[in-house]
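Colleague: Here you go, one structure.
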Amino acid sequence: MKDAGGHVVGVIPDFMRERELAYHQADELITVGSMRERKRIMEERAQAFLALPGGIGTLEELTEIMTLRYINRIDKPVVVFNQDGFYDDLLRFFDRMTRERFKSEGLQALFGVADAVGISGPSSRGPARSRRTPSGGSPSRADAPGGSAQASAGPRQAPALAR
């Protein structure tokens, strides 16, 4: 992303920085006191959210952002990067939630699914590639910044969900 002219922002709690988990090549590295503060800053500064394959923290952040979209507290694109089918089971679970009426039909409209992430120049804003969910449903298309989890393809910084 940086090679393509993007601006990389890292937002990390101090306890994770102490464990040497910070991306020191970031153009801007913001250290915060808690995970809640980290999420608040990411929510405020992001143009879009990109969930890369990750662990329980990534899942928690993804579902929180989806919930905020669902209750109309934010209106920013959310893209799940389903590298090598990593999120297939989660996408099937979302389909089941809808099928069994725990969630409305609009759930899949809250996010897009991409199989590949392309790095584009600063002025390019093409849509993420959309794909069918594992159960055959078609998620919505969403614009996503080109690049990695903590990067923006434009002049504004766009931290994202995954680390």
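Colleague: For 67, 98, what's the fewest-to-most ordering of other Cβ within 10 Å of each Cβ?
Modeller: Exposure proxy ranking, most exposed first: 67, 98.
Colleague: So for 24, 7, fewest C-beta neighbours within 10 Å to most, what's the order?
Modeller: 24, 7
Colleague: With each pseudo-label sitting 7 Å past Cα toward Cβ, what's the residue 41-residue 73 distance in nm, one decimal?
Modeller: Distance between label points: 2.0 nm.
All of the numbers you see were taken from the coordinates with simple rules; none came from a lab. What you are looking at is a predicted structure, and each value in this text was computed from that prediction instead of being measured. Positions of Cβ are generated from backbone atoms using ideal geometry, with glycine treated the same way; all protein chains shown enter the neighbour counts.
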